[in-house]
Each structure stands twice: as C-alpha cells, then as structure tokens.
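Q: Structure incoming, see below.
Each reported figure results from applying straightforward, stated rules to the coordinates on display, with no laboratory input. What you are looking at is a predicted structure, and each value in this text was computed from that prediction instead of being measured. Counting neighbours? That spans all protein chains shown, and the Cβs are built from the backbone with ideal geometry, glycine included.
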Amino acid sequence: MKELVEYVAKSLVDDPSQVEVAQMEGGSTIVIELKVAPEDIGRVIGRNGRVANALRTLLRVSATRHGKRVNLEIV
C-alpha cells in the first residue's frame, strides 16, 4: 500500500523528489504518513479534499482485501 500512495503522490506533485511515505503497522491497523513539499500540499489534498478522499478510498479497498484497516495522514 505504501507503493500505491507513493506512485499516486509522485504523479500529482511538481517535485516528486520531495515525496516521502512512511508506513507503520499495529495489529490490524496500518497508518500511512505522506509528506510532500509545502507548495504541493494543495495538489495532494485537492479541492474540498477530493483527491485525498479518493486516495483514502483506494487504500481502504486494498486494505479490506488483506483484512486490515488503513489510515492516511498527510503531513
């Protein structure tokens, strides 16, 4: 799932070298932290959070197939 977030984020931003993704697992929950350059944060969140919500939906579907829960935090 980390690779999925990294791929989508690098496709969206102007400076892909600034994208950092960290994944932490605890039991049945996975927390994914996404860090991007300050000028690219709007591209990742999108208008009214639509891009971020779409990314969270993709992660939720992927996590459900593995029997886990996932949280995406944009830092």
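Q: For region 27-75, what are the residues that are exposed (fewer than 14 other Cβ atoms within 10 Å of the Cβ), under 16 Å from residue 3 (Cβ atoms) and either β-branched (Val, Ile, Thr) or touching a residue at least 60 places away in the same chain (Cβ under 8 Å) (or both)?
A: Selection gives 61 alone.
Q: Let me ask something additional. Check residue 9 against each of (1) in a helix (DSSP H, G or I); (2) in contact with an Asp or Glu (Cβ under 9 Å, 6 or more places away or on another chain); (3) touching a residue at least 60 places away in the same chain (Cβ under 8 Å) and name the one condition it does not meet.
A: Single failed check for residue 9: (3).
Q: Looking at residue 19 and the list (1) buried (at least 17 other Cβ atoms within 10 Å of the Cβ); (2) in contact (Cβ under 8 Å) with a residue 24 or more places away in the chain, which single condition is not satisfied?
A: (2)
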